[in-house]
Each structure stands twice: as C-alpha cells, then as structure tokens.
Amino acid sequence: MVALLALALLAPTSASALERTVSVSGSATLKVPNDTASLGFSVSAERRSRGAALRTVSGHLRSLIAAVQGIQGVGPGDVRTGRISVRKTFRGKRPVYRAGEGIGVTLHEPANAGDLVTAAIGAGATGLSGPNFFVGDTEAAFGKALAAAFDKAKAKAATLAAQADAVLGPAISIDEGEGAELIPFGADKGASSCESATATPTTKGAGTKCIVPTPPVKPGTSTVTATVRVVFALQ
C-alpha cells in the first residue's frame, strides 16, 4: 500500500514535467541573388525543297551553337536542341518549304545574358525568348530560409519561456510548415525577327544578318519563404 501510494504521488509530478513545453512557429522570407538564366533561340529558313530548307537550317544551327558556346557561363552540357519542323507553304502560287529548329541555353553567369543574345542573333538566330532568371541551387536557398525560420521560432519560444519564469530547453520536435516556396524573378520576352529584336538588318551576300546592340540585363533576386513549427522543452 505504501509503495502504491508513493507511485500515485510521483505520477502527477512526472506528467506535469513532461507537459512543460512551448509550441511556436516561425517564418522567414529571404531574397536570394539569381545565379542562372535560361534562354531560347531558333533559326528558320524557306527554300523550294524540303532538303534545301533542312540543310540551310542545319548550317545556321551549327553556327548558332558555336556562337553561344563561346559565351562565358555556357558549358558543354548547357545547350540542348529542340524540335525540328518542316512545313509546306505558298508564296503566291509557288510552293515553298519552311524549316525550323531551336535550342535552349542555360547560362550560369546571368550577367552575360545580353552578350549571349547579341552573339546568337549575330550568328543567325531568327527568334529568341528569355532571359528567365532563377536560382540554380534551390536546396541551398531552401536551407538558408529554413534556418532563418527556426531562429525566429526559437526567439519567440525564449520570450515566452521568460514570461513563464522558465528556461528554454532543447527542441523536442520540428515540423516544416507548408514547405519552402521559391518565387523566381525574370523577364520572358520573345522576339521573332530582326525588327522585333530591335536590331538593324544588313545584307551580305545571299543572307541577311542582324547587327544587334547588346541589351542591358539585371538578373535580380528570387524570393524564398519557409515556415517551421517547433516544440521546445521548458526547464
């Protein structure tokens, strides 16, 4: 009987100790510099036969790929070709064949996006899209936001612990909120010809090239937000 009575007296004390916790949440929003850009370029040509149109486009595309790979920040695996198209159309009553193909480029030095556009159009690109700026290493950006969110949650918990005449103990449980959210910043502007790219067309030989002024670019920042819920022990 004495032993049972001792256990009964100890149980509420232990339960009360376990219940001394504080549950808080913290959110953090960080601006992360964009360190990567994506751009798209295309070439097209019209000829009287399918073969001639494809040969012309292939030649222009090789020149385009060589030009963009010469820009600092474009590596060997950062250029990928797109879909090839050939369609029949008419110029008056005369049938012609229009062929086209494009490439996508990942640029790891986004400040060079203007130079990339200039080089691509100078090499024969007849269309472009981008640049779109974003953060290449999203996991690292999420990690920084989560750490900042945890620090805010801990500061809240310390304030509440002081108000309760307690000392903040270790974190008992940590729960990521709705997940980190990354909002990229970028401009997606397309140009389908020399004129729409604000370039000056010039004719040399049988082809038409564009003299393109290097456009200014600002990679800007992306916004990453993270939320955590943490339960701390109170001592």
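Determine the dipole magnitude for region 12-101: charges of +1 sit on the beta-carbon of Lys and Arg, -1 on that of Asp and Glu, nothing else is charged, the reference point is the Cα centre, and the result goes in debye to the nearest 20.
So the magnitude is around 1260 debye.
Which of Asp35, Asp151 comes first, and how do the rest follow, when ranked by fewest Cβ neighbours within 10 Å?
Least crowded to most crowded, the residues run Asp151, Asp35.
Hey, fewest Cβ within 10 Å first, where do Ser38, Ser25 land in order?
Exposure proxy ranking, most exposed first: Ser25, Ser38.
What full-extension length gain, to one decimal in nm, is calculated for Arg87 and Leu160 as 0.36 nm per residue of separation minus the Cα-Cα distance?
Contour length minus Cα-Cα distance gives 19.2 nm.
What list of ³J(HN,Hα) couplings, whole Hz, do you get for region 83-91 from phi and the Karplus terms 6.51, -1.76, 1.60, once you set θ to phi - 60° and write x for glycine and proline?
Listing the rounded values in order: 6, 9, 10, 9, 9, 8, 9, 10, 10 Hz.
Taking H placed 1.01 Å from N in the peptide plane, check which residues at least 5 places from Thr221 or on another chain put their amide H under 5 Å from its amide H.
The answer is Asn34.
Work out how much length Arg55 to Thr29 would gain on full extension: take 0.36 nm times their residue separation and subtract the Cα-Cα distance, in nm to one decimal.
Net length gain for the segment: 4.2 nm.
For Ser44, enumerate residues with amide H under 5 Å from its amide H, sequence gap 5+ or separate chain, H modeled in the peptide plane.
Long-range HN contacts for Ser44: Thr126.
Rounded to whole Hz and in sequence order, give me ³J(HN,Hα) for region 35-47 from the Karplus expression 6.51 cos²θ - 1.76 cosθ + 1.60, θ = phi - 60°, writing x for Gly and Pro.
Those phi angles translate into 10, 9, 9, 10, 9, x, 9, 9, 10, 8, 7, 10, 9 Hz.
Throughout, read-outs are computed from the coordinates displayed, never taken from laboratory work. Quantities reported herein were computed from a predicted structural model and do not represent experimental measurements. Glycine gets a Cβ as well: all are built from the backbone with ideal geometry, and neighbour counts include every protein chain shown.
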